[in-house]
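Heads up, the thing below is written out as structure tokens.
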Amino acid sequence: MKERITPDDRERQSLIAAAFFGCCPRCDERTLFDGAIGAGGANFASKCAHCDLDYGGFNVGDGPAAFITFLMGAVIVILALTLELSFHPPFYLHALLWVPITIVMTILSLRVVKGVLMTVEYRNKARAAVSSEAKNVVCADEDA
């Protein structure tokens, strides 16, 4: 007997796919990021190559970068202190070990967090909180 997949399960699977594989929130194709992990890092593509969803309309912002920086910093410091107190390796070994690990973990986790936030924004139809009147005022000021 096959298990039925509920809409909540499908949504959760899609969120996981978007986070880990860079899938578009609309069509689930792997088009969310510009290039591979090494080439584009965690930069969003301008739009989905499959369904033409414009990623520029979403505002993930700098929240993921700040969150990941603090989280990875805490994890790396704890691991480095544990290594130091357990084995007392020379300083250059710490530098050779922790710098690359920090860079790789930060880029990978940044892609995951940005993918999750983009997908959640799309599902919740989140847009910038600017009223049409405020937008007209801002546009009029820019024209002057």
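The values are calculated or read from the model by the stated rules, or taken from the named source; none is laboratory data. Computed from a predicted model, the values in this text were never measured in an experiment. All Cβ positions, glycine included, derive from the backbone under ideal geometry; neighbour counts span all protein chains shown.
Could you please find all residues in the stretch 41-73 being assigned to a loop (DSSP other than H, G, I, E, B) and either in contact (Cβ under 8 Å) with a residue 24 or more places away in the chain or hydrophobic (A, V, I, L, M, F, W, C) (or both)?
Taking the stretch 41-73 as the starting set, the residues that turn out to be assigned to a loop (DSSP other than H, G, I, E, B) are 41-43, 45-46, 48-53, 58-62.
Correct list: GLY41, ALA42, ALA45, CYS48, ALA49, HIS50, CYS51, LEU53, PHE58, ASN59, VAL60.
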Taking the criterion of being touching a residue at least 60 places away in the same chain (Cβ under 8 Å), in a loop (DSSP other than H, G, I, E, B) and either within 13 Å of the chain's Cα centre (by Cα) or surrounded by 12 or more Cβ atoms within 10 Å (Cβ to Cβ) (or both), would at least one residue in the stretch 74-91 satisfy it? no
Please verify whether the stretch 100-118 includes one or more residues that are free of Cβ contacts under 8 Å to residues at least 60 places away in the same chain, touching a Gly at 6+ places or on another chain (Cβ under 9 Å), of a type in the set (Val, Ile, Thr) and farther than 30 Å from GLY57 by Cα. yes
Out of all the residues in the stretch 32-39, is one or more at pLDDT 90 or above, over 15 Å from LEU117 (Cβ atoms) and touching a helix residue (DSSP H, G or I) at 6+ places or on another chain (Cβ under 7 Å)? no
All conditions in (1) closer than 16 Å to LEU108 by Cβ; (2) under 14 Å from the mean Cα position of the chain (by Cα) are true of TYR55 except (1)
